[in-house]
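The values are calculated or read from the model by the stated rules, or taken from the named source; none is laboratory data. Given the structure is predicted, the values throughout are model-derived calculations rather than measurements. Heads up, the Cβs are rebuilt from the backbone with ideal geometry, glycines too, and the neighbour counts pull from every protein chain shown.
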Amino acid sequence: MNKAITDGLVLMPPPFSAGLNLWSREDGTPGAASYQGQPNAALVSNDQDFAGCLELQKTETTQKLRSFAQTPMQPGLYLRVTVRIKAVSGNLPSVQIAAWAGDVAGMNVATVPQTGPSTTLTSYGQVVTVTAIIGAGSRQGVDMIWGNTPVYAHIGLDLTGANGGVVRIDDIEVEDVTDVFLRKLVDVVDVRDYGALGNGIKNDAAAFLAADADAAGRTILVSAGTYRLSSDVTINSRIRFEGTVTMPAGSRLALTRNFDLDTYSSAFGSEIEGFKKALQALFYFTDHVTLDLSGRRIDMTEPLDVAAAVGLTSFANRRVLRNGSLNAVTSTAWTTTEVTSVATYSTSNSTTLTGVANVANIPVGALVIGTGVGREVYVRSTNISAGTVELSQPLWGAAGTRTYTFRRFKYMLDFSGFSLLSRFEIEDVEFNCLGLASAVLLAVTGATQRFVSCSFNRPLDRGISSIGTGCQGMFVDWCQFLSNEQTLPAQNRVSIALNIQANDAKVRNNRVVRFAHFAIVNGTGHMIYANHFFQGDEETAGVRRAGLVFTQTNVSTVVSGNYVDNCFIEWGNEHDAAPQYDNEFSFGGLNIVGNIFIASDVSSAFRWLVVKPYGPGHFLNGFSMTGNSFRPFNATVGRVEMVDTTIADLDFTRSRNVRVEGNSFNQVAQPIMNPIVTTHTQNTAADTWTISSGGFIPFEGRIRMLESAMPEGALTTASNATRYTFPNAVVGVGASGNQAQLRWSEAVKGKIIVNMRMDLPA
């Protein structure tokens, strides 16, 4: 760095030959006395050592010599002042560089040192060089440390010591020596100094690597230009881009000390190109496991095929994408692809369509739509030569040949090109879909993906989609899903926040607003905890849809501490190729504990829990609903639960291990419980008492067991004679099987407390 060149600064004072009126015998400030016409000063033009010089006799205690010219001072500027001097006759003086420091108001900055080190002349005729460095910083080698207050200087020298001596002084030189200190101040290494041309044609990779090898802790500067890097480049030093780089798609730039979107955006000239290259480096190098988006917004005009961008199809090491916003921009690239094709389905090959027409046109990741197809069934893979399509789930009612629609949504981050991706985490990222795009499509297989503190803003069709088992052990925590369909009536919405195809998902502490469904869930071992999902609308007595949908019978899942708002939980087996009961696990393993259920402006037919068998013969076998609160607003509902018998009913003669207790019911016409504790008063003596469950049986099932019967007070005959007798019980009587009978040894009357159940112990 040389500011005399880069900033056009005039640093040198005038030569003595220009006139002694330009040189002051005081401080050099305007109005100060000059050496013009002084008897102790003269110009000498024929000195054998100096081409032209000033001859000066010392007549004062401190003989000052200052230039009237103002030498500018700037922050970061370091000046070296040099004078060559020799004694001619008389007493030998001492000499030191001196300068008067002036501030922006033209006042002397008296607090800074204004003289340099003193040198004593020891002989006549010997040329002595005296120097001093003036600069802002307190650094080794700086003689006069001025800080940033002085903005100019009157530069010269002082003679001290005995008077009477005569000296000759060569022209005073002032030079910019900032580059001497640059290594310590800025630590910059420019790639152009190592052969980079920056013309966009020549391969500058070698120059970048050479600069990195020589940096030794300094920062690499990529100065203005376009630098072609034709091979992989890893930079282990800090780097700053004024210019940009271009690279082949398969070549990688790893910036190990500046691994963030800001730097990559500067390097490649745009956020989206920088994002792609930074993702590529994230997958290939172990120096960093986290890509920081620097809190920036990345505008996206098309889906990002992550596997294609990074050049991998399998990856299982932990990587994290965090701290930024992906913003969808209007483009035809977001348009959904839709293909219609005829195919054949057989329950013996439950996840394959065969004889698929136009199979080459069907994209992996497409949603499958057709008669007998459950929700959220996707194309997992295709085989063009065999004419087959692999499905993510079986089809419950599609045996035979029929027409299917394959609808491929477009996702901002599309991981479907990965056959395996595990342990990829997205944290504190906003997916700003804006009704143009869906957000994330997961890999075909993989485990323990994590979404933490993310925002899914107005996805067009889906927030997070799984097309296979890439959601195994997935975490979705502290996220917000905001629908693009909030103004629509609930029944007209089509978007879904997320779906799960595999096991062991953790979905916790999320807020989900007005989608068609919050989650379509297959698999087992899930924990759905402390979410608030609401799906209401402004309609009077409006239709409500399922928030959570479980698509297999035995789910082994806990739904706890959620706020279920204007939607319900649906539990069916729509992902079963043979949905009728066939000695497999039936409906069980669902634990609904400690949730808040509300609804507003709904009809009395609304229910918060709906079981929907897709085939006959199924029954409840291990179901718990405890400690929940149910309350409608501006409405009264008949019950909180029901069986949707559109396709089949449950077999209540086989119910086992059902626990429904400790729930609270407000504005609900018929509370439910199991076991049922009720009282029966028999006013007329009879040997058979019929005990009604009073509608308390969950799902309006039937009584399978009478656990206890305790008389309250005496049992008496018709003549009021007390009897001490014990009945036997008959359960499941009545047209609906929802009654029990107590049969006594003789006709008696009285009051009894009965504990009866809709189930048998497991």
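Against the condition farther than 24 Å from V364 by Cα, small (G, A, S) and surrounded by fewer than 22 Cβ atoms within 10 Å (Cβ to Cβ), how does S455 come out, does it pass? Don't jump to the end; show me each part of the working.
Numbers: farther than 24 Å from V364 by Cα: yes; small (G, A, S): yes; surrounded by fewer than 22 Cβ atoms within 10 Å (Cβ to Cβ): yes.
Spelling it out, S455 is indeed farther than 24 Å from V364 by Cα, small (G, A, S) and surrounded by fewer than 22 Cβ atoms within 10 Å (Cβ to Cβ).
From V440, V429, which residue is without any contact (Cβ under 8 Å) to a residue 60 or more places away in the chain and either under 22 Å from L367 (Cα atoms) or part of a strand (DSSP E or B) (or both)? Working first, answer last.
On the way: V429 fails: without any contact (Cβ under 8 Å) to a residue 60 or more places away in the chain.
The unique qualifying residue is V440.
Would you check which residues across region 114-170 are among the small types (G, A, S), surrounded by fewer than 17 Cβ atoms within 10 Å (Cβ to Cβ), over 60 Å from the mean Cα position of the chain (by Cα) and part of a loop (DSSP other than H, G, I, E, B) and list them?
Hits for region 114-170 are S123, G125, A162, G164.
Tell me which of these A740 doesn't satisfy, since it passes every other one: (1) surrounded by 19 or more Cβ atoms within 10 Å (Cβ to Cβ); (2) assigned to a loop (DSSP other than H, G, I, E, B).
(2)
When region 464-484 is examined, which residues are found to be surrounded by 23 or more Cβ atoms within 10 Å (Cβ to Cβ) and assigned to a loop (DSSP other than H, G, I, E, B)?
S466, I467, G468, M474, C479, S483
For region 268-276, check the following and say yes or no: at least one residue is within 20 Å of A207 (Cα to Cα) and either buried (at least 20 other Cβ atoms within 10 Å of the Cβ) or touching a residue at least 60 places away in the same chain (Cβ under 8 Å) (or both).
yes
Restricting to region 631-664, name every residue that is buried (at least 18 other Cβ atoms within 10 Å of the Cβ) and among the aromatic types (F, W, Y).
The answer is F652, and nothing else.
Return the residues of region 433-452 that are more than 12 Å from the chain's Cα centre (by Cα) and surrounded by fewer than 24 Cβ atoms within 10 Å (Cβ to Cβ); say none if nothing qualifies.
L434, G435, L436, T445, A447, T448
It is to be established whether one or more residues within region 191-204 are assigned by TED's automatic domain parsing to the domain that holds L79 and over 30 Å from G102 (Cα atoms). If you could, list the steps in order and put the result at the bottom.
Looking only at region 191-204, we keep the residues that are assigned by TED's automatic domain parsing to the domain that holds L79, and these are none.
Within region 191-204, none of the residues are assigned by TED's automatic domain parsing to the domain that holds L79 and over 30 Å from G102 (Cα atoms).
Within region 16-106, which strands (runs of 3 or more DSSP E) (wholly inside it) include 2 or more residues that are touching a residue at least 24 places away in the same chain (Cβ under 8 Å) and within 23 Å of G161 (Cβ to Cβ)?
On the way: elements: 41-44, 53-57, 63-67, 78-89, 94-102.
Passing ranges, in order: 53-57, 63-67, 78-89, 94-102.
Just to verify a result, which residue in region 514-540, among those that are under 16 Å from N492 (Cβ atoms) and touching a Ser or Thr at 6+ places or on another chain (Cβ under 7 Å), is surrounded by the most Cβ atoms within 10 Å (Cβ to Cβ)?
Of all residues in region 514-540, those under 16 Å from N492 (Cβ atoms) come to 514-517, 535-540.
Restricting the remaining residues to those that are touching a Ser or Thr at 6+ places or on another chain (Cβ under 7 Å) gives 514-516, 536.
Values: R514: 23, F515: 30, A516: 23, G536: 20.
Filtering region 514-540 for residues that are under 16 Å from N492 (Cβ atoms) and touching a Ser or Thr at 6+ places or on another chain (Cβ under 7 Å), the one surrounded by the most Cβ atoms within 10 Å (Cβ to Cβ) comes out as F515.
So which of Q70, Q74 ends up being within 30 Å of S223 (Cα to Cα) and not hydroxyl-bearing (S, T, Y)? Spell out the reasoning first.
Values: Q70 fails: within 30 Å of S223 (Cα to Cα).
Of Q70, Q74, the one residue that is within 30 Å of S223 (Cα to Cα) and not hydroxyl-bearing (S, T, Y) is Q74.
In this structure, does V130 turn out to be among the hydrophobic types (A, V, I, L, M, F, W, C) and either in the same structural domain as T219 (by TED's automatic domain parsing) or farther than 25 Å from Q74 by Cβ (or both)? If you could, list the steps in order and put the result at the bottom.
Working: among the hydrophobic types (A, V, I, L, M, F, W, C): yes; either in the same structural domain as T219 (by TED's automatic domain parsing) or farther than 25 Å from Q74 by Cβ (or both): no.
Answer is no for this residue.
Can you confirm whether region 738-761 contains a residue that is out of contact with any Leu (no Cβ under 8 Å at 6 or more places or on another chain) and without any contact (Cβ under 8 Å) to a residue 40 or more places away in the chain?
Checked against the condition, which is being out of contact with any Leu (no Cβ under 8 Å at 6 or more places or on another chain) and without any contact (Cβ under 8 Å) to a residue 40 or more places away in the chain, region 738-761 yields no hits at all.
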